[in-house]
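The values are calculated or read from the model by the stated rules, or taken from the named source; none is laboratory data. Source: prediction; values computed, not measured. Cβ: placed from backbone, ideal geometry, glycine included. Neighbour counts: every protein chain shown. Ligands, DNA and RNA are excluded from the accessible area calculation, which covers all protein heavy atoms including side chains. Shrake-Rupley method; radii C 1.70, N 1.55, O 1.52, S 1.80 Å.
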Amino acid sequence: MHKRQLGRDGPMVGAIGLGCWSFGGAYGPTTEAESHETLARALDLGIDFLDTADVYGKGVSEQVIGTFIKGRARAFTIASKGGIRRDPQTNERTTDNSPEHLASALDSSLRNLGVERIDLYYIHRREQSRPIEEVMQTLVGFREAGKIDRIGFSEIAPASLRRAHAVHPVAAVQSEYSLWSRMPDLGMVQACRELGVAFVAFSPLARGMFASAAPDPSTFEQSDFRTGNPRFVEPNFSANLRYVERFKDYARELGTTPATLALAWTLHRGEHIIPIPGTRSARHLAEDAAAADLSLDAAELAEIERILPCGFAHGDRYTPQGAVTVERYC
């Protein structure tokens with residue numbers, strides 16, 4: 001597995017990482033044994049960068065990783081996130097970047113993972129009423145205390161990144177980025193490159209759309225994140241599927257899989273980009289890892305753009321409720 005740097009002066013990690021939201025049941029039920037099998041296969045393939053959060057399955061994702069790495073704590077570079085609250089009664093989601101909440105969330109993540117320090121700690125969502133400079137000072141305090149090694153932010157705007165980076169170097173920004181979610185091309189990919197910040201692309205496989213077998217919304221569990229998502233309801237889903245099927249045909253022409261091709265496209269967008277596809281299944285990881293070795297020439301990249309032009313996706317990537325905490329720009 002080729003390596004990429006996790007921010008300026010950061011550690012080298014596999015060019016393909018692993019998103020672990022699904023370990024907490026985001027795309028339907030799973031088991032610890034299944035997740036452990038996936039983690040073991042990831043190591044076999046050189047996938048050594050994991051992404052989780054305190055709210056993934058209410059801590060379950062972190063706990064599953066923690067039981068796996070016990071006795072092999074340095075096998076992975078691990079990123080986790082804090083800054084989201086969920087009401088235990090209503091499940092309503094709000095942001096809280098206060099020092100008190102972040103300290104409590106971080107301590108919980110450390111316990112769940114069974115580690116003394118987290119390699120990369122993100123603010124999961126920015127609290128708009130609190131200056132980001134103040135939040136950075138809180139994170140710098142965690143770093144000075146030895147609880148985290150590097151600092152990151154998720155789903156922020158380029159302007160916010162610049163403000164935060166002026167206080168203390170930001171190692172990574174995480175945003176949704178794929179052939180059907182191209183917003184970061186309007187400033188964030190460029191700002192990260194300029195500042196020496198790694199850009200970590202989550203959902204690079206379009207929440208399963210670029211898997212070899214198309215998802216069937218009629219089979220989604222109620223707990224599945226995609227249930228009710230605008231891109232997975234009609235008429236949007238059928239329109240999106242028509243585009244994606246043409247992309248899958250092209251992947252077959254190239255002798256590869258749509259997942260491998262989609263990830264290879266993401267890697268070609270910049271040397272500072274690290275995609276983190278998520279899966280509950282070990283058998284899908286080989287396709288993901290293969291993208292690190294797939295070279296695409298200018299003609300092939302142009303053909304991908306022709307088949308899936310920027311902005312092709314029908315429907316927003318979040319429901320109105322899900323988009324509330326995402327920092328918009330452009």
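Observations, loosely collected:
- Here the chain carries DSSP beta bridges of which approximately 20% are antiparallel, counting only pairs with both residues inside.
- Electrostatic dipole magnitude of the stretch 168-239 [Cβ: Lys, Arg +1; Asp, Glu -1; Cα centre; debye, to 20]: 160
- Choice from Glu32, Glu287, Glu303 with maximal GNM fluctuation in the chain (Cα, 10 Å cutoff): Glu303
- Largest-first ordering by accessible area, 1.4 Å probe, given options Thr138, Thr52: Thr138, Thr52
- Listed residue (Ala201, Gln190, Leu285) projecting farthest to the positive dipole end of the stretch 176-286, Cβ model: Leu285
- Per-pair calculated FRET efficiency, R0 = 25 Å: Glu92 and Glu34 via Cβ, rounded to 0.05: 0.25
- Electrostatic dipole magnitude of the stretch 1-160 [Cβ: Lys, Arg +1; Asp, Glu -1; Cα centre; debye, to 20]: 260
- Computed over the stretch 130-217: relative contact order in percent, which uses C-alpha pairs under 8 Å that are six or more apart: 24
- Cα-based reach from Lys70 at 19 Å (exclusive), listing lysines while leaving out same-chain residues under 8 positions away: Lys147
- Trypsin sites (Lys or Arg not before Pro) restricted to DSSP loop in the stretch 278-330 with at most 11 other C-beta within 10 Å: Arg328
- Probe 1.4 Å, all protein chains present, accessible-area order of Arg242, Arg207, Arg193, largest first: Arg242, Arg193, Arg207
- Residue of Ala53, Ala145, Ala157 that the Gaussian network model of the chain assigns the largest fluctuation, springs spanning Cα pairs under 10 Å: Ala145
- Rough spin-label spacing in nm, given labels placed 7 Å along Cα→Cβ, for Gln5 and Ala298: 2.7
- Evaluated with a Cβ-only charge set (Lys, Arg +1; Asp, Glu -1), the chain carries a dipole of roughly 300 debye about its Cα centre, given to the nearest 20.
- Among the GluC sites (Glu not before Pro) found in the stretch 85-173, those both in a DSSP coil and sparsely packed, with 13 or fewer other Cβ atoms within 10 Å of their Cβ, are Glu92, Glu116.
- Annotation: Asp297 carries an accessible surface of approximately 80 Å², with a 1.4 Å probe and no ligand, DNA or RNA atoms counted.
- Glu133-Ala239 FRET efficiency (beta carbon distance; Förster radius 45 Å; 0.05 resolution): 0.60
- In Å², nearest 10: area of Asp185 left accessible to a 1.4 Å probe: 30
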